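Comments concern the structure below.
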Amino acid sequence: MPGISLLNTDSHAHWMGEAFREAEKAYAAKEIPVGAVIVLNNQIIGRGYNQRESLKDPTAHAEIIAITAAANHLNDWRLTDASIYVTLEPCPMCAGAILNARIARVVFGADDPDHGGCGGAIQLCSGKYLNHKVDIIGGILEARCKGILDSFFRESRSVK
């Protein structure tokens with residue numbers, strides 16, 4: 001069964017840096033700063049950042065937007081062999097989309113013990129009844145990914 005690994009390679013850090021740039025776009029737009037990129041064959045095929053507020057869409061999470069972009073890029077909903085890099089552990093909705101898209105690997109920065117769907121609050125990316133298993137790697141650029149979230153919530157609470 002795939003589990004959470006804390007491996008930190010230069011390659012993972014590079015792609016997480018790209019996801020972090022997406023999170024910065026969300027931050028600038030006053031959205032919860034989560035960013036995602038999907039990588040296949042050492043190339044980004046999809047990007048996304050949270051846009052729930054601006055699009056007035058509860059499903060407009062970074063992962064969903066990146067998955068849609070990657071599927072459009074490949075002209076196929078199957079993202080087999082691709083990896084998704086996301087600054088925050090995916091929620092259950094996004095974990096389900098990752099499974100349905102057949103993404104091979106989730107690499108995340110900050111864990112989400114309260115809402116995470118890849119081992120934080122619940123583990124949806126592996127199980128004996130699933131026809132697809134996802135490798136999970138957590139903790140890549142963790143301090144940086146947590147830092148932008150902490151800053152966002154600290155600033156949003158001080159405004160009210």
Run Val39 past the list (1) touching a residue at least 60 places away in the same chain (Cβ under 8 Å); (2) part of a strand (DSSP E or B) and report the number of the one that doesn't hold. (1)
Selection count where residues are at pLDDT 95 or above and exposed (fewer than 15 other Cβ atoms within 10 Å of the Cβ), scope the range 128-146: 1
The one condition in (1) at pLDDT 95 or above; (2) open to solvent by 40 Å² or more (accessible area, probe 1.4 Å); (3) aliphatic (A, V, I, L, M) that Ile67 fails to fulfil: (2)
The range 75-110 - residue that is open to solvent by less than 70 Å² (accessible area, probe 1.4 Å) and part of a helix (DSSP H, G or I) and, of those, nearest to Asn131 (Cα to Cα): Leu99
Between a first residue in the range 130-147 that is within 24 Å of Gly96 (Cβ to Cβ) and touching a residue at least 60 places away in the same chain (Cβ under 8 Å) and a second residue that is among the charged types (D, E, K, R) and assigned to a loop (DSSP other than H, G, I, E, B), which pairs have beta carbons less than 7 Å apart while being 6 or more apart in sequence or on different chains? Gly138/Glu89; Gly138/Asp111
Considering only the range 101-133, state which residues are of a type in the set (Gly, Ala, Ser) and touching a His at 6+ places or on another chain (Cβ under 7 Å). Ala121
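The values are calculated or read from the model by the stated rules, or taken from the named source; none is laboratory data. The model shown is predicted, which means the values in this text are computed figures rather than measured ones. Neighbour counts run over all protein chains shown; Cβ positions are idealised from the backbone, glycine included. Accessible surface is based on the protein model in full, side chains and every heavy atom, while ligands, DNA and RNA are left aside. Shrake-Rupley method; radii C 1.70, N 1.55, O 1.52, S 1.80 Å.
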